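Chemist: Take a look at this one; I'll ask things after.
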Amino acid sequence: MAEQRTCVIAMDGSEHADYALDWYCKNIHREGDHVVLVYVPELNDMLHSSKWSNSVYVFDRDVMEAMLKEEQERIKGDLEKFALKLKQHGLGGKVKSVMASKPGEGVLKAAEEEKAVMIVVGSRGLGTIRRTFVGSVSDYLVHHSHVPVFVCKHPNKHVTSEVEQK
């Protein structure tokens, strides 16, 4: 019997992440793999919410607590959706939420904690100019990971040139 592998798959709720999960199942999954779907929630929506006062100096504890509770519920709902994906694909494993300042850092942190032997991530297909300014999770992972990273490009959703982005 082959040794159990732990495989991390980055999830963000996008069809690119779903494609990466499907690609993993069709191409490299082995019986007995332990799959960890890693979700790094971005708190930018909460931090830039219109619920904040226009004044930088006004802090409303009740508003902050309500926003945090709302954010926790959203994250819980996302994790439940990801757990369902594991079940639908018949995979053994778990879902994991990691708090980090950047998604790539969170995925790497989870991969290290779980002792993953590989990371699978979808590619949003950003063009060169946009990727230069906003960065790329897949690019970060490829350059900083100590385990192999599979970057899966959705065949029907990937930008092929800068001209097509306009």
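Chemist: Could you tell me which residue of segment 97-110 is surrounded by the most Cβ atoms within 10 Å (Cβ to Cβ), considering only residues that are touching a Leu at 6+ places or on another chain (Cβ under 7 Å) and within 12 Å of Leu37 (Cα to Cα)?
Modeler: Result: Val107.
Chemist: Still on this structure: Assess whether Leu86 counts as being in a helix (DSSP H, G or I), at negative phi and open to solvent by less than 20 Å² (accessible area, probe 1.4 Å).
Modeler: yes
Chemist: Please verify whether segment 63-77 includes one or more residues that are surrounded by 16 or more Cβ atoms within 10 Å (Cβ to Cβ), at pLDDT 90 or above and closer than 25 Å to Asp22 by Cβ.
Modeler: No, there is no match, as no residue in segment 63-77 is surrounded by 16 or more Cβ atoms within 10 Å (Cβ to Cβ), at pLDDT 90 or above and closer than 25 Å to Asp22 by Cβ.
The values are calculated or read from the model by the stated rules, or taken from the named source; none is laboratory data. The model shown is predicted, which means the values in this text are computed figures rather than measured ones. Every residue, glycine as well, gets a Cβ built from its backbone with ideal geometry; the counts of neighbours run over all protein chains shown. Keep in mind that these areas ignore ligands, DNA and RNA; they rest on the heavy atoms of the full protein, side chains included. Shrake-Rupley method; radii C 1.70, N 1.55, O 1.52, S 1.80 Å.
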